[in-house]
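Written out below as structure tokens is the structure these notes cover.
The values are calculated or read from the model by the stated rules, or taken from the named source; none is laboratory data. Please read all numbers here as calculations on a predicted model, not as lab measurements. Every residue, glycine among them, receives a Cβ derived from its backbone with ideal geometry; neighbour counts consider all protein chains shown.
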Amino acid sequence: MLKLGVNIDHVATIREARYRGRSIGEPDPIEAALQCETAGAHGITAHLREDRRHIQDRDLWRLREAVNTRLNFEMANSPEIIEIALKLKPHIVCLVPEKREEVTTEGGLDVAGHEQGIRSTCRRMNDAGIEVSLFIAPDPRQIEAAARTGSQFIELHTGSFADEFHDESRRAAELVRLVDGARQAHSLGLKVNAGHGLNYENLKTLFAVPHMIELNIGHSIVSRAVTIGITEAVREMLQLMRGYGK
Ligand code: PXP
């Protein structure tokens, strides 16, 4: 069964739009996370950005206490955030690019260009009992590099697929890259997640991609929650995901 990790960053984005710099305010991302779990989500994802633009440190510690499923901590490979992750001990961390030089042309982490530093972080996380995922584009060179770092997972960046979704031939080309990337990663012993830009419309087309374990979805679920509530928005997404692998 394909698992759903709900990215709750944008719940905090709404709060910060009104309450930036204050330790109060709604909506509460932790309350949202718990409702996602009630609706059947398999995990909660949150990204503590170096600029703290949405999730704040206090949110993370509360999430660590409250989340009953799996906490996936998205993070830059930077000393400050690594120290926080090692103290927080989430179930898994997903290394994502934040600085321009860490990003490949397609928006994933440039693992090939930063292999040594990423390998060292993977080792530190694994030694602390934390699994690691690397958010990368479906690029053979990046996948090969990922397999050398000791990470357990990759998260295939589906942003280009989502961007090209309404152009049939470009969408088909992006899908082929994701299919090939998932096969390559699987053959190298990496577990495959996927995410970014996935929504209620493009999800089913992604089912052509094999070996996927978990999807991380944020913006479309939080957006849908504005009209139907987050519990229903998560239930709808889970219902759509049931068709995978059938
Ligand atoms: N996966 C990763 C690594 C992300 O950084 C994000 C947030 O940008 C997501 C998934 C979720 O993307 P979206 O909000 O577009 O669903």
Unique residue being among the β-branched types (V, I, T), closer than 23 Å to N72 by Cβ and in a loop (DSSP other than H, G, I, E, B) when the list is V132, V93, V209 = V209
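Return yes or no: is A225 of a type outside the set (F, W, Y), more than 13 Å from the ligand (Cβ to nearest atom) and touching a helix residue (DSSP H, G or I) at 6+ places or on another chain (Cβ under 6 Å)? Reasoning before the result, please.
On the way: of a type outside the set (F, W, Y): yes; more than 13 Å from the ligand (Cβ to nearest atom): no; touching a helix residue (DSSP H, G or I) at 6+ places or on another chain (Cβ under 6 Å): yes.
Answer is no for this residue.
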note = Residues in segment 212-243 that are assigned to a loop (DSSP other than H, G, I, E, B) and crowded, with 17+ Cβ neighbours inside 10 Å total 1
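Which one is surrounded by the fewest Cβ atoms within 10 Å (Cβ to Cβ), of the residues in segment 107-120 that are assigned to a loop (DSSP other than H, G, I, E, B) and either more than 16 Å from the chain's Cα centre (by Cα) or at pLDDT 95 or above (or both)? First the steps, then the outcome.
Initially, segment 107-120 is screened for residues assigned to a loop (DSSP other than H, G, I, E, B), giving 107-108, 110-111.
With either more than 16 Å from the chain's Cα centre (by Cα) or at pLDDT 95 or above (or both) added as a condition, the list becomes 108, 110-111.
Values: G108: 27, D110: 20, V111: 31.
Ranking the candidates gives D110 first.
Which of the following residues is more than 16 Å from the ligand (Cβ to nearest atom), part of a helix (DSSP H, G or I), surrounded by fewer than 21 Cβ atoms within 10 Å (Cβ to Cβ) and free of Cβ contacts under 8 Å to residues at least 12 places away in the same chain: E83, E37?
Numbers: E37 fails: free of Cβ contacts under 8 Å to residues at least 12 places away in the same chain.
Among E83, E37, only E83 is more than 16 Å from the ligand (Cβ to nearest atom), part of a helix (DSSP H, G or I), surrounded by fewer than 21 Cβ atoms within 10 Å (Cβ to Cβ) and free of Cβ contacts under 8 Å to residues at least 12 places away in the same chain.
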key: All positions within segment 131-161 that are surrounded by fewer than 20 Cβ atoms within 10 Å (Cβ to Cβ) and either within 16 Å of the ligand (Cβ to nearest atom) or among the basic types (K, R) (or both)   = E131, R141, R148, Q152, G159
request  = Find all pairs meeting these conditions: Cβ atoms under 6 angstrom apart; at least six residues apart or on different chains; first residue within segment 167-190 and under 15 Å from P140 (Cα atoms); second residue crowded, with 16+ Cβ neighbours inside 10 Å and hydroxyl-bearing (S, T, Y).
outcome  = E174/S160
key: Enumeration of residues in segment 4-26 that are within 16 Å of the ligand (Cβ to nearest atom) and either part of a loop (DSSP other than H, G, I, E, B) or in contact with a Ser or Thr (Cβ under 9 Å, 6 or more places away or on another chain) (or both)   = G5, V6, N7, I8, D9, H10
ask   = Taking S169, is it within 15 Å of the ligand (Cβ to nearest atom), polar (S, T, N, Q) and either in contact with a Pro (Cβ under 8 Å, 6 or more places away or on another chain) or part of a helix (DSSP H, G or I) (or both)?
value = no
